[in-house]
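Enquirer: So that we are looking at the same thing, I have put the structure below in structure tokens.
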Amino acid sequence: TYTTLLTQRRLKAYLHDIYITAKEQVRLITAQLAKSRDIDEKLKPTDPLEWVAQMNSCKAAAEEIVMDEIIYQ
């Protein structure tokens, strides 16, 4: 696949499409994980450090999922 895309000068566009898809999936999964863990905007003003820590945890988990499903396949 790599050689074919490279020789046909479509590699950059292909990688860009994967990047956009992965970025959108991370955003969606992060929101779903935050909702499932009851992390909402109410926590943000009351305990901002906890909110950031929880959101970072959700984003890291989402990135792992996306890497496994999109990138490594």
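Enquirer: As an exercise, identify the GluC sites (Glu not before Pro) in the chain lying in DSSP coil whose Cβ has no more than 13 other Cβ atoms within 10 Å.
Expert: The qualifying sites are Glu41.
Enquirer: I would also like to ask the following. Keeping the other protein chains in place, figure out the carbon and sulfur percent of the accessible area of the chain, with a 1.4 Å probe.
Expert: 56 percent
Enquirer: Compare Thr46, Thr30 by solvent-accessible area with a 1.4 Å probe and give them largest first, with all protein chains kept in place.
Expert: So, going from the largest accessible area down, we get Thr46, Thr30.
Enquirer: Further, regarding this structure: Set Lys and Arg Cβ to +1 and Asp and Glu Cβ to -1, take the dipole of the chain about its Cα centre, and tell me which of Thr21, Thr46, Cys58 lies farthest positive.
Expert: Positive-end residue among those listed: Thr21.
Enquirer: Rg and Dmax of the chain, Cα atoms, in Å?
Expert: 16.6, 55
Enquirer: How many percent of all Cα-Cα pairs in region 31-70 sit more than 11 Å apart? Walk me through the numbers before you get to the answer.
Expert: On the way: 484 of 780 pairs.
Summing the P(r) of region 31-70 above 11 Å gives 62 percent of all pairs.
Enquirer: In deg cm²/dmol, rounded to 500, what helix-only [θ] at 222 nm does the chain give when every DSSP H run of at least 4 residues adds -39500 (n - 2.57) and the total is split over its residues? Working shown, then result.
Expert: Values: 4 runs with 55 residues, N = 73.
So the helix-based figure for the chain works out to -24000 deg cm²/dmol.
The values are calculated or read from the model by the stated rules, or taken from the named source; none is laboratory data. No experiment lies behind these values; they were computed from the predicted model shown. FYI the Cβ positions are ideal-geometry reconstructions off the backbone, even for glycines, and counts take in every protein chain you see. Heavy atoms of the whole protein, side chains included, go into the accessibility calculation; ligands, DNA and RNA do not. Shrake-Rupley method; radii C 1.70, N 1.55, O 1.52, S 1.80 Å.
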